[in-house]
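Report on the following structure.
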Amino acid sequence: MKKLALHWKIMIGMILGVLFGLLMTSFPQGKELVKDWIEPFGTIFVKMLKLIAVPLILASLIKGISDLRNISKFKSMGIRTIAIYMVTTTLAIGVGLGLVNTFKPGEGISQETVLQLKETYSSDVGIQKKITEAVKQKEASPLQFLVDMVPDNAINAMGNNKLMLQVIFFAMLMGISLILIGEKRAEPLKKFFDSLNEVVLKMVDLIMLTAPYAVFALLATVIVTADDPVILVKLLHYAAVVVMGLLIMIIFYMLAIAFIVKKNPFWVMRQLAPAQLLAFSTSSSAAALPVTMERVEEHIGVDGEVASFVLPIGATINMDGTSLYQAVAAVFILQVLWPEGLYFQNQLTIVLTALLASIGAAAVPGAGMVMLVIVLDSIGFPSDLLPIGLALIFAVDRPLDMMRTTINVTSDATVSMLVAKSFNKLSKPHSKEWDDHYDAVK
């Protein structure tokens with residue numbers, strides 16, 4: 001196994017995890033066995049990735065911004081990054097709306113299935129929790145997302161992965177301040193963050209040694225906790241439309257890599273595969289962020305100052321896969337429960353709301369459904385039908401969440417390459433292994 005590439009090891013772990021999970025579902029105590037003795041290893045792995053996310057963002061972003069040496073370059077990079085993110089997200093929403101209006105998956109759902117889903121899920125604790133979270137976000141002021149970006153306590157922000165935007169704000173402020181005090185005075189602190197960045201990247205290498213075993217645990221857990229397969233089959237048409245849209249976005253990224261970045265897209269996807277597979281396994285772009293940064297910088301060749309700036313921001317505001325899913329899910333729910341709401345103005349509102357809702361959305365499992373509630377509410381969807389609407393898609397949300405998170409990560413990486421190319425910051429890869437200096441210290 002030592003000579004086998006990491007992404008193949010992870011893929012083998014995923015396949016074995018799925019097979020093991022399926023095997024355990026045939027035993028009465030199989031689910032409990034997986035939850036008690038297998039799931040903890042996947043949980044530990046995700047916690048380790050989240051453990052290093054904040055130190056990595058802090059160190060790499062401060063180092064990256066201070067290395068720019070002038071604020072005008074930082075300003076132009078920021079504008080270009082956000083502009084490209086807005087374009088890709090709008091495109092994703094447009095693809096989703098185009099597909100769902102073309103194939104009309106909601107017309108294939110019978111009232112019997114709607115009633116079955118209503119009885120099974122509409123009073124589900126998870127659905128009610130997401131509605132409550134969405135109501136809180138909806139009642140906030142229009143500029144609340146700007147208020148939420150600014151921490152009143154930097155240490156507190158670093159202690160909570162949900163406050164990633166606050167960490168990014170603090171890191172950007174410190175990076176700009178380092179530029180302004182001059183290179184000589186900034187040098188000691190820059191050396192510290194440079195060293196910290198190298199240490200955290202080495203921690204990524206060490207943690208990734210356990211990735212094949214961790215994804216085995218994560219996928220086995222997903223399988224044994226999956227919902228009723230009969231319901232999943234009935235929602236297959238809807239799920240297929242979402243997957244088709246996600247595949248179209250992958251093709252778009254590959255074309256952008258081939259014609260704009262001028263790199264072999266298949267080679268790029270192979271280098272990015274470990275991050276994509278982790279995003280799929282964890283359903284969390286925040287958990288995959290350290291690995292995404294390591295793969296993009298060391299294995300694809302994006303300059304550190306670009307990767308450290310573009311990727312953390314992307315993990316927070318760029319949600320192509322999630323936005324596409326929201327467009328499909330919202331129209332699908334309208335087709336089934338509220339067909340009179342299917343007019344052009346509402347669909348335009350879906351585009352705008354999904355685009356704005358993606359900014360600052362939590363990069364954690366299930367955040368897409370919270371955003372979906374906000375999107376549905378923006379078009380006046382009847383509140384009494386909202387739990388039923390979420391129940392319609394809840395059964396297949398987890399597997400689709402895994403897929404759309406993979407697209408989110410792929411989009412972030414693609415945009416980092418586009419930005420790097422535009423600044424001539426794309427160079428030869430310089431991959432590092434966990435044991436590069438092991439001989440010197442063993």
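The values are calculated or read from the model by the stated rules, or taken from the named source; none is laboratory data. Given the structure is predicted, the values throughout are model-derived calculations rather than measurements. Cβ coordinates were reconstructed from backbone atoms using ideal geometry, including for glycine residues, and neighbour counts include every protein chain displayed.
Here's a check for you: in the stretch 278-292, which residue that is closer than 20 Å to residue 160 by Cβ and part of a helix (DSSP H, G or I) is nearest to the chain's Cα centre (by Cα)?
So in the stretch 278-292, the residues closer than 20 Å to residue 160 by Cβ come out as 282-290.
Within this subset, residues satisfying the condition of being part of a helix (DSSP H, G or I) are 282, 285-290.
Numbers: 282: 10, 285: 3, 286: 6, 287: 8, 288: 8, 289: 8, 290: 12 Å.
Ranking the candidates gives 285 first.
If you go through the stretch 225-242, how many residues are crowded, with 16+ Cβ neighbours inside 10 Å and either modelled with pLDDT of 90 or more or of a type in the set (Lys, Arg) (or both)? Step through it out loud before you land on a result.
Initial filter on the stretch 225-242 (crowded, with 16+ Cβ neighbours inside 10 Å): 226-227, 231, 234-235, 237-239, 241-242.
Checking the rest, the ones that are also either modelled with pLDDT of 90 or more or of a type in the set (Lys, Arg) (or both) come to 234, 237-239, 241-242.
Within the stretch 225-242, residues that are crowded, with 16+ Cβ neighbours inside 10 Å and either modelled with pLDDT of 90 or more or of a type in the set (Lys, Arg) (or both) number 6.
Go through (1) surrounded by fewer than 17 Cβ atoms within 10 Å (Cβ to Cβ); (2) in contact (Cβ under 8 Å) with a residue 24 or more places away in the chain; (3) under 22 Å from residue 405 (Cβ atoms) and name the single condition residue 206 misses.
Looking at each condition in turn, residue 206 falls short on (3).
Across the stretch 130-152, which residue is farthest from residue 353 (Cα to Cα) among those that are charged (D, E, K, R) and either modelled with pLDDT under 75 or more than 21 Å from the chain's Cα centre (by Cα) (or both)?
Among those that are charged (D, E, K, R) and either modelled with pLDDT under 75 or more than 21 Å from the chain's Cα centre (by Cα) (or both), it is 152.
Check 97, 49, 68 and return the single one that is over 30 Å from residue 248 (Cβ atoms), touching a helix residue (DSSP H, G or I) at 6+ places or on another chain (Cβ under 9 Å) and not polar (S, T, N, Q).
Values: 97 fails: over 30 Å from residue 248 (Cβ atoms); 49 fails: over 30 Å from residue 248 (Cβ atoms).
Of the residues listed, the single one that is over 30 Å from residue 248 (Cβ atoms), touching a helix residue (DSSP H, G or I) at 6+ places or on another chain (Cβ under 9 Å) and not polar (S, T, N, Q) is 68.
Within the stretch 210-268, how many residues turn out to be closer than 16 Å to residue 279 by Cα and aromatic (Phe, Trp, Tyr)?
Residues flagged as closer than 16 Å to residue 279 by Cα and aromatic (Phe, Trp, Tyr) within the stretch 210-268 amount to 2.
Of all the residues that make up the stretch 286-309, how many are surrounded by 24 or more Cβ atoms within 10 Å (Cβ to Cβ), in contact with an Asp or Glu (Cβ under 7 Å, 6 or more places away or on another chain) and at pLDDT below 95?
2
Can you confirm whether residue 13 is modelled with pLDDT under 95 and either of a type outside the set (A, V, I, L, M) or over 22 Å from the mean Cα position of the chain (by Cα) (or both)? It would help to see each step written out before you state the result.
Numbers: modelled with pLDDT under 95: no; either of a type outside the set (A, V, I, L, M) or over 22 Å from the mean Cα position of the chain (by Cα) (or both): yes.
For residue 13, the condition - modelled with pLDDT under 95 and either of a type outside the set (A, V, I, L, M) or over 22 Å from the mean Cα position of the chain (by Cα) (or both) - is not met.
Could you list all residues from the stretch 305-363 that are of a type in the set (Phe, Trp, Tyr), over 18 Å from residue 393 (Cβ atoms) and free of Cβ contacts under 8 Å to residues at least 60 places away in the same chain?
343, 344, listed by residue number.
Kindly state which helices (runs of 4 or more DSSP H) lie completely within the stretch 32-123 and contain at least 2 residues that are in contact with an Asp or Glu (Cβ under 6 Å, 6 or more places away or on another chain) and either closer than 30 Å to residue 351 by Cα or modelled with pLDDT under 95 (or both).
Here the list reads 39-67, 71-103.
How many residues does the stretch 56-89 contain that are buried (at least 17 other Cβ atoms within 10 Å of the Cβ), polar (S, T, N, Q) and out of contact with any Ser or Thr (no Cβ under 7 Å at 6 or more places or on another chain)?
Result for the stretch 56-89: 2.
Can you list the helices (runs of 4 or more DSSP H) lying wholly within the stretch 130-180 that have 1 or more residues being acidic (Asp, Glu)?
144-149
If you scan the stretch 320-346, which residues turn out to be in contact with a helix residue (DSSP H, G or I) (Cβ under 6 Å, 6 or more places away or on another chain), more than 23 Å from residue 406 (Cα to Cα) and assigned to a helix (DSSP H, G or I)? Reasoning before the result, please.
Filtering the stretch 320-346 down to residues in contact with a helix residue (DSSP H, G or I) (Cβ under 6 Å, 6 or more places away or on another chain) leaves 320-337, 341-342.
Among the residues that remain, those that are also more than 23 Å from residue 406 (Cα to Cα) are: 333-337, 341-342.
Across the stretch 320-346, the qualifying residues are 333, 334, 335, 336, 337, 341.
Among the listed residues 213, 238, which satisfies the condition of being in a helix (DSSP H, G or I), more than 23 Å from residue 93 (Cβ to Cβ) and in contact (Cβ under 8 Å) with a residue 24 or more places away in the chain?
On the way: 238 fails: more than 23 Å from residue 93 (Cβ to Cβ).
Only one candidate passes the filter, namely 213.
Right, residue 51: buried (at least 21 other Cβ atoms within 10 Å of the Cβ), within 30 Å of residue 179 (Cα to Cα) and under 21 Å from the mean Cα position of the chain (by Cα) or not?
no
What do you reckon, is residue 277 more than 16 Å from residue 421 (Cβ to Cβ) and out of contact with any strand residue (DSSP E or B) (no Cβ under 9 Å at 6 or more places or on another chain)?
yes
Going by the conditions given, is residue 61 of a type outside the set (Asp, Glu) and under 24 Å from the mean Cα position of the chain (by Cα)?
So residue 61 fits the description; yes.
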